[in-house]
Amino acid sequence: MSDTRSDGELLRAIAADADRRAFEELYRRYAPWLRARLRGRCADLGVVDDVVQETFLAVWRGTARHRQEGHAPDAAGWLWRIGSRRLVDALRGDGARGRLRQALTRLRHRDEVSAEERVLAGVEHGDLAGALVRLSPELRAVLQATVIDGLTTREAAVLLGIPPGTVKTRAMRARKQLREALA
């Protein structure tokens with residue numbers, strides 16, 4: 001049976017009362033979405049599943065606390081921020097470069113390479129790679145969140161911990177600098 005409480009009510013029930021039913025409902029609502037989003041950044045399904053579990057475990061244990069700032073909580077953005085950070089930690093800890101090399105090797109041995117894979121290879125090895133490296137970390141982070149991860153401005157703001165207007169400004173500056181570098 002599905003819980004009809006809002007995301008904010010579920011988050012408050014988990015934080016205040018360790019409400020197991022609220023936690024289970026939050027998991028049912030967001031675990032599949034989070035798993036799908038993380039799979040876009042990591043091909044290793046075992047790592048993705050571990051990160052989803054670690055994300056929700058952090059929510060349950062209270063090590064990840066949602067800060068409500070006078071408006072309805074954005075559970076998806078908040079969970080994405082936790083999950084993406086956990087994924088980065090997992091990839092750093094298990095030799096992400098080795099896994100990347102393995103993934104690229106698998107891609108090279110397939111008969112057909114997708115357009116996305118060609119673009120990413122160009123990002124890694126082409127003129128775009130140099131232009132991206134020259135961007136400040138703040139501008140690169142906004143591009144990662146909005147372009148590669150496909151987050152909305154609002155979601156990127158939650159993920160990066162900055163106002164939506166700052167996301168828009170940084171994205172505009174990043175695009176301008178990339179155009180100039182690639183011209």
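Couple of notes before you dig in:
- 11 Å beta-carbon shell around Arg170, net charge (K/R +1, D/E -1): +4
- Ranked for footprinting exposure by Cβ neighbours inside 10 Å, fewest first, Glu25, Glu180 give Glu180, Glu25.
- Which of Phe23, Phe56 has the fewest Cβ neighbours within 10 Å, and the rest in rising order: Phe23, Phe56
- Note on Thr152 and Trp60: the model spin-label points, each 7 Å out from Cα along the C-beta direction, lie 3.0 nm apart.
We did not get these values from a lab; they are worked out from the coordinates using the rules stated. Remember, predicted model here, so these are calculated numbers, not experimental data. Glycine also receives a Cβ, built like all others from the backbone with ideal geometry; neighbour counts cover every protein chain displayed.
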